[in-house]
């Protein structure tokens, strides 16, 4: 049993959970597990799903801090261009150029904030859904064992 089938089952659960809700996704996940992995393989499959879900949660918690190098670099460059634009606005002959630079910097800053917020929401949602998978696996393992 490879991790591709486990990843596939987990991704199907996530997609089904988004569309049809928790109970339908749970039923489909377990039905898929029992149909594809009969007998003793179900126990091994569920143990591996739980372990991989825990691994993904640990990995996503590290990624939860959305301000990493690309975003930090982008923010630093925006701050420098914004400061330069503000300095240009102080001079009469280059006031318009400074206003355009400062306005562009504000637009890009808003875009960066939206991107970081969206990425953080997606990561938090995935962590919660992987937690649901762990709960399903633990409940099913307690019934099997």
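Every number here is computed from the coordinates shown, using simple stated rules; none is lab data. The structure displayed is predicted, hence computed values, not measured ones.
Kindly give the semi-axes, whole Å and largest first, of the ellipsoid equivalent to the stretch 15-60, taking each as the square root of 5 times a Cα gyration tensor eigenvalue.
Taking √(5λ) for each Cα gyration eigenvalue gives 19, 18, 6 Å.
Relative to the first principal axis of the alpha-carbon coordinates of the chain, what is the inclination of helix 22-36, with its axis defined by its Cα atoms, in degrees from 0 to 90 and to the nearest 10?
Computed tilt is about 50 degrees.
With a cut-off of 8 Å between alpha carbons and a minimum separation of six or more residues, what is the relative contact order of the chain in percent?
It comes to 28 percent, rounded to a whole number.
If you average the alpha carbon positions of the stretch 1-52 and of the stretch 95-132, how far apart do those two centres end up, in angstrom?
34 Å
Can you tell me the 0 to 90 degree angle between the C-alpha axis of helix 41-63 and the longest principal axis of the chain, rounded to 10?
20 degrees
To the nearest 10 degrees, how steep is helix 3-20 against the longest Cα principal axis of the chain, on a 0 to 90 scale?
70 degrees
Projected area of the chain, taken from the Cα convex hull and averaged over every viewing direction, in nm²?
10.7 nm²
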